[in-house]
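**Q** Handing you a structure now.
Nothing in this text is a laboratory measurement; each read-out follows from the coordinates by a stated rule. No experiment lies behind these values; they were computed from the predicted model shown. Every residue, glycine as well, gets a Cβ built from its backbone with ideal geometry; the counts of neighbours run over all protein chains shown.
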Amino acid sequence: MTPLIWMAKQASKERWTQDEDGRLKKIVTENKNRNWKKIAEHFPGRTDVQCLHRWQKVLNPNLVKGPWTPAEDAKVRQLVSLHGPKKWSLIFVTQLSSSAAAK
């Protein structure tokens, strides 16, 4: 009996190129941010996790980078004093529901 050999896709450790970034933006838009395994098929040597991470942490146009505004900082302080410093899931849900109500 021969041992099973699993062929795992090797994740590239190379930096993302501008060409890859442009293609990823286009493909994510076409696939509506849904199927990351399918998206990764367009990037030999990249995994679905790498593609998702690149989109969520770098390329997503809705990503807000930079320091918090004074209003955001005050809101976090208020929610932490209300729910406690170890209730981040509750704070997140509370912030989400108050943001939705404001719209």
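**Q** Go over the candidates Lys32, Lys25 one by one and state the one that is charged (D, E, K, R) and in a loop (DSSP other than H, G, I, E, B). Steps first, answer last, please.
**A** Details: Lys25 fails: in a loop (DSSP other than H, G, I, E, B).
On inspection, the qualifying residue turns out to be Lys32.
**Q** Scan the stretch 49-64 residue by residue and report those that are in contact (Cβ under 8 Å) with a residue 12 or more places away in the chain and charged (D, E, K, R).
**A** Arg54, the sole residue that qualifies.
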